[in-house]
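Visitor: Pasting in a structure now, in C-alpha cells, and then I'll have a few things to ask.
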Amino acid sequence: MKSIYTGAKQQLSSCMQHDSDDTPPVILVANNDYNHQQHNHNHNHNRSNHHQLHHNGYEQPTSLTQLTTTTNHSNSNQHHQHHHHRHHSRSNNNNVPNNSFITAVTTPITGTSTYETLQRPFKHDRRRGQWSATADFYFACTSHAFGSIIFSEVPVYAMIFGGVFFLPMYLIAIILYAIPIFIIQTFLGQFSTSGLISAFRVAPLFKGIGYSILLLNLISLAYYGIVAAVPLIYAANSVHTVIPWMSCDNAWNTPNCSTHSTYDVDELALDPHATVEFFRYIILSDDSSPHEYVISWPVLCGTVGVWLLTLGILLKRVSFIGKFFRCICVIMFAVFLAIFVHLLCYIKLDWETFVSYFKPTLSNSFNGVLGGMRTAILMSTWLLGPGWGNVLTLASHNRFHRDSEKLTYWVSGTHVLLAFMAMICGRIAFDHFEDHVGFLHFHFDEEHYMQFLYLCFAYLFGSFTTLPNFWCFLFFGMIFLAELSAIIIQMMSVLTALFDEYEQLRTKKSRITIALSLLMLAASIYFCTKKGFEHLDLLPNIVILSHLIISIVLLLMTTWIYGRERFQCDLQFMLGKTITSFKIFLIRFLTPAFFVLSFIQTLYFLERDNSPTALVIVSQCVIYAIAPAYMIYKVCQTNGTLRNRLKQCFAPHDWHPVDADNRRFYEEIMGVSEMLVMDGGEENCAVNA
C-alpha cells in the first residue's frame, strides 16, 4: 500500500482547487526548510481542527492525518510522514528552476456531509464482484459495441455518398466525441464502484438522470430481445439441407415466389425473391390478417430462448460473466475474421474495386458528400453500444487503480477496425444483392431497419457455391452472440443500479433477477406482433437521440459543474498517472460541438423517415420528465436558503473510493493536504502530505 500511496502522490498533477474562500493562497519559495516548517504547522493545525469537529459532534472521515499522540504507532507515523515529506520536497527541488515559486492552496476538499443534505450515507455492496482479469473489461466493452448495427445500411450508404471523406470524419468523431464520453462513463463507474444511479453522488442534483437511464434501459430491453431472436432464427434455419430463404417450397411462399439470380434492370416490378419472402414471414409485413397483434411464433420462440440464456448467465458471479464475455468475444472475432477473409477470396476483390469503394458515387454532389460526413459523426456513438450507461456499469467492476484509459483506446481501436471490416462486407453484400436480385429501396423496400442485414447478407452467404449452410450459420450465429452480449450487459446495468442504490434488495438478488427477466420476456411479446415490428423500426433513431441528450448532461456535470480541476485530479488519482490539461480541454470544448452536429443529424433522420407516433413521444416525455422532477424534489428536501440548497445539491456526496485504503489516501491528498501548483507553463502539482 505504501508504494501505491507514494505513486499516487507523485503522479497527481495539474490540480488546483478554488473551493476555499476563507484561506488566501500562500506564496512559498521552493525551499526544503521552509516547506518542512509549513508542513509541521499544517499538520498541527489539521489535528486541532479534528478535535474541534469531534467536540462539536461531527464525525470526520478517517484519514492518515488523524493520528493520536499517545501511542508509539502515532509517533512512527509522524516520523514516516516527516521523512517522506523531506524526501518528496528534495526530489521536487531538483526539478524546480531557480527563482521559481510554488503556490500553496490549503483547501479542505471533502464531500458534503450527510447531515447537511439530509441524504443517507452510501453503503458499498461488498459482494457486487470484480472482473477476474484486466482483459474482461476490454472484451465486455468490445462485444457490447459489436452488433448488428455495424452491418446495417447506414455505414454502407455513408461510404457510397461520402467516399474517402467519410473515413477521416469518422475517426475525428471517434476521437473527439465517442472516446471522451467513454472516458467520462468509465471514470464515474470505476471511481465510485457503483451503478448508474449511485454514481451520481458526484452531483446529487442530477441523480434523477440515473433513474431516467434505468427506465430507458428497461424499455429498450423489452424490444431488444427481438433484435437477438431474429439472427437466432436465421442461424437455426441455416442448418437445414436446403436453406429456407433460398427456396420457394415453403409454406410461407407465395405463388409468385422467385429464386432468380438475374433480372432486367429496366423492370419496375419484380417477382418477390425467396429471401424477401422469408424476411416478410418473420416480421409479418406480408400478413393478410386484419388483426394487428398477430404473433410471429418463430420470433416468440427465439425470444424465449434468448431470455432464458440471459437469465442463466445473470445468475452467475461477475467473475464468471467476465470469463463468458472473454470467450464469446474471442469466438466472434475468430468467426468474423474467417468470414472476412473467405468473402474477399470468394468474390476475388481486386485493388481497383477496393479503391472504387472510397470514391463518392455522386462526386459532383456536395450535399451527398456532406450527408456521408454527417452520418460518420453519428456512427461514432456506436462505440458506446446500445442502451445507456452500460460502459459505466462495466467500469464499476474494474479494480480502482486499473488503467482504464489505455483500455479505452484499445476498445476504440478494435471497434474502428471491426467497423471498417464490416463496412467492406456490407458494400460487397449490397453490390451482390443489386447485381442478382434487385435494387434495394426500389424493387424491395420493407421499410424496416433490419432489412439490409437479413436480405443482402442472407442472400450473399446463401448463394455461396461451397458450404453455404456453414457460412450462414457462422455469420448469423456471430450476430446472435453479439446481441445476446448486449442484452446481458443492459440487464447487468439495471440490476447493478438497483442493488447498489437500495441496500435492502441485495439479499434478494436471485429472486429479483428472475422476476425482472420474466417481466422483460412478457413485455417482449408485444414486439413479436405485427404492430410491434412497426414500432421497432422507429426506436433506433429515438435511442440515438436519447443517447445524445444524456451524454451531453454527463459531460456538463463532470467537466463543468463538478469542475475541471477536480475531474482531472480524480482521474489522475484513480489511474495513477498524469492526465494532460489538453485532453480535458478537448473534452470540455470540442466534444459539445460534435454533440450539436449529431443532434441536428438525428432530428433530420427522424423527420426524413417517419415522425414518431404519439405513444413514442409520450413515453419519451415521461422519461425526460423524471430528471427535472427529481431536481425539484431534491432542492425542496434540503435545508437553508435557495442558494445554499443548490450549492449543497451540486456538491459531491460521499464521493470517494469505496476501498478503505484508497479512501484514506484520497482523503489525505484531496481532503486535508496542500495542493502545490507550479507557476508558469503547464500547471504541475505536487502533494505535500
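The values are calculated or read from the model by the stated rules, or taken from the named source; none is laboratory data. In this text, all values refer to a predicted model and were calculated from it rather than measured experimentally. Virtual Cβ from ideal backbone geometry, glycine too; neighbours counted across all protein chains shown. Please note that ligands, DNA and RNA were not included when accessible areas were found on the heavy atoms of the full protein model with its side chains. Shrake-Rupley method; radii C 1.70, N 1.55, O 1.52, S 1.80 Å.
Visitor: Roughly speaking, what is the stretch gain from Arg317 to Arg399, that is 0.36 nm per residue apart minus the C-alpha to C-alpha distance, in nm to one decimal?
Guide: 27.9 nm
Visitor: Between Ala593 and Trp560, what is the FRET efficiency for a Förster distance of 22 Å, r being their Cβ-Cβ separation, to the nearest 0.05?
Guide: 0.90
Visitor: Here's a follow-up. With a sphere of radius 11 Å drawn around the Cβ of Leu196, what net charge do the other residues whose Cβ falls strictly inside it have (Lys, Arg +1; Asp, Glu -1)?
Guide: With Lys, Arg at +1 and Asp, Glu at -1, the net is -1.
Visitor: Could you state how much accessible area Lys509 has, in square angstrom rounded to the nearest 10, with a 1.4 Å probe and all protein chains kept in place?
Guide: We get 60 Å² for Lys509.
Visitor: Under 24 Å from the Cα of Lys577, which lysines turn up, not counting those fewer than eight places away in the same chain?
Guide: Leaving aside lysines fewer than 8 places away in the same chain, those within reach of Lys577 are Lys2, Lys9, Lys406.
Visitor: Sort the following peptides by mean Cβ neighbour count (other Cβ atoms within 10 Å, averaged over residues), highest first: 152-161, 655-664.
Guide: Peptide ranking by packing, descending: 152-161, 655-664.
Visitor: Roughly to the nearest percent, how much of the accessible area of segment 429-571 is carbon and sulfur, given a 1.4 Å probe?
Guide: Accessible surface attributable to carbon and sulfur in segment 429-571 totals 66 percent.
Visitor: Here is a further query. Accessible area per residue, 1.4 Å probe, Å², for segment 226-309: what's the number?
Guide: The answer is 49 Å² per residue.
Visitor: On to the next question. Length gain on complete extension for the stretch Ala135 to Arg511, per 0.36 nm per residue less the alpha carbon to alpha carbon distance?
Guide: Gain on stretching Ala135 to Arg511: 132.4 nm.
Visitor: May I pose another question? Can you give the FRET efficiency to the nearest 0.05 for Ala334 and Ser285, using r as the Cβ-Cβ distance and R₀ = 35 Å?
Guide: With a Förster radius of 35 Å, E is 0.50.
Visitor: Which FRET efficiency value, to the nearest 0.05, is calculated for Lys348 and His260 with the Förster distance at 25 angstrom and r the Cβ-Cβ distance?
Guide: Efficiency for this residue pair is about 0.60.
Visitor: Considering only protein heavy atoms, what is the solvent-accessible area of Tyr281 at a probe of 1.4 Å, reported in Å² to the nearest 10?
Guide: Tyr281 has an accessible surface of roughly 80 Å² with all protein chains in place.
Visitor: May I pose another question? On full extension of the chain, what length is gained from Val341 through Asp445, given 0.36 nm per residue of separation minus the C-alpha to C-alpha distance?
Guide: 34.4 nm
Visitor: A follow-up question, please. Can you grab the distance from the C-alpha centre of segment 538-594 to the C-alpha centre of segment 461-495, Å, no decimals?
Guide: Comparing the Cα centres of segment 538-594 and segment 461-495, I get a distance of 32 Å.
Visitor: Rounded if a/c is under 1.5, else prolate if a/b is larger than b/c, else oblate: which is segment 110-257, with a ≥ b ≥ c the root eigenvalues of its Cα gyration tensor?
Guide: Cα axes put segment 110-257 in the prolate bin.
Visitor: Something else: If packing is taken as the mean number of other Cβ atoms within 10 Å per residue, what is the order of 488-496, 194-202, highest first?
Guide: 194-202, 488-496
Visitor: While we're on this one: Under 17 Å from a point 7 Å along the Cα-to-Cβ line of Leu268: which residues of segment 438-477 have their amide N that close?
Guide: Taking a point 7 Å out along Cα→Cβ of Leu268, the residues of segment 438-477 whose backbone N falls under 17 Å are 439, 441-445.
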